[in-house]
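The values are calculated or read from the model by the stated rules, or taken from the named source; none is laboratory data. From a predicted model like this one, the values you see are computed outputs, not experimental measurements. Glycine also receives a Cβ, built like all others from the backbone with ideal geometry; neighbour counts cover every protein chain displayed.
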Amino acid sequence: MKITLKDVSKIFDNHTPKPIGSHKYFSVLIPFIEIDGELYILYEVRSSKLKHQPGEVCFPGGRVEMGEGPMGAAIRETSEELGLPTDKIHIIGRGDIVYGYANYTLFSYIGMIDYKDYEKMKISEDEVERIFLVKLSDLIKNPPEIFWENISASIEEDFPYKEELQVNERNPWKGAKWSIPVYSPFPGEEAILWGLTAKITAATVTTLVENLT
């Protein structure tokens with residue numbers, strides 16, 4: 001097959017970039033609720049019935065399905081998990097993005113739910129154990145403690161080119177470090193806010209504080 005420069009130009013002029021290799025996309029909503037002039041952020045505790053990460057604290061959200069965008073996924077998942085009509089979920093804007101080392105991207109969206117609609121919510125018991133609110137002011141006053149996970153590369157023994165590529169103790173496979181934020185338990189709440197949910201929370205709070213000071 002002979003490929004010309006004209007072919008290259010024609011194909012890549014309209015090319016939509018996509019991940020190389022296996023990759024997954026997820027999207028969450030960061031729901032703000034105002035009560036008597038005080039702002040709160042809503043969190044879920046995942047159902048103990050779930051196979052993956054039962055009992056963990058998270059935001060409403062899930063996997064981006066074929067044919068939908070990240071914002072649509074965040075709204076759909078929030079509606080399903082909290083039992084809210086989609087028109088009761090108000091998107092304010094885009095939050096930050098987590099690019100995970102395990103071949104996934106996690107989008108976040110800042111949203112608002114009216115308190116009157118919050119009071120009428122009927123959570124999906126198959127997915128959500130319970131929900132709770134944390135004052136934004138408490139999140140600002142009590143930043144998370146940061147721990148670190150060391151990620152090492154493990155190459156299968158049948159890789160044949162270690163000598164040719166000079167992979168040795170002086171030139172090892174590259175590892176990485178991954179931050180693990182953990183918030184101290186909030187008053188009256190036993191569930192611990194940590195990991196990805198804490199990472200997104202801290203980024204959201206930091207954006208607010210840095211742009212208001």
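Brief remarks follow.
- Residue pairs meeting the criteria (Cβ under 8 Å; at least 6 apart or on separate chains; first farther than 22 Å from N103 by Cβ, in region 148-177; second part of a loop (DSSP other than H, G, I, E, B) and of a type in the set (D, E, K, R)): N168/K162
- Breaking point among (1) part of a strand (DSSP E or B); (2) under 24 Å from H23 (Cβ atoms), for I131: (2)
- Flag for I200 being within 17 Å of the chain's Cα centre (by Cα), in a helix (DSSP H, G or I) and within 22 Å of Y43 (Cα to Cα): yes
- Here K177 meets the list (1) of a type in the set (D, E, K, R); (2) modelled with pLDDT of 95 or more; (3) not in a helix (DSSP H, G or I) almost entirely, failing just condition (2).
- Number of the condition not met by E119 [criteria: (1) at pLDDT 85 or above; (2) surrounded by 10 or more Cβ atoms within 10 Å (Cβ to Cβ)]: (2)
- Among (1) in a strand (DSSP E or B); (2) surrounded by 12 or more Cβ atoms within 10 Å (Cβ to Cβ); (3) over 15 Å from the mean Cα position of the chain (by Cα) - the single one N150 does not satisfy: (2)
- When residues of region 77-134 are limited to those that are under 15 Å from the mean Cα position of the chain (by Cα) and of a type in the set (A, V, I, L, M, F, W, C), the one farthest from S154 (Cα to Cα): I110
- Set side by side, the residues K88, K135 differ, and just one is basic (K, R) and without any contact (Cβ under 8 Å) to a residue 60 or more places away in the chain, which is K88.
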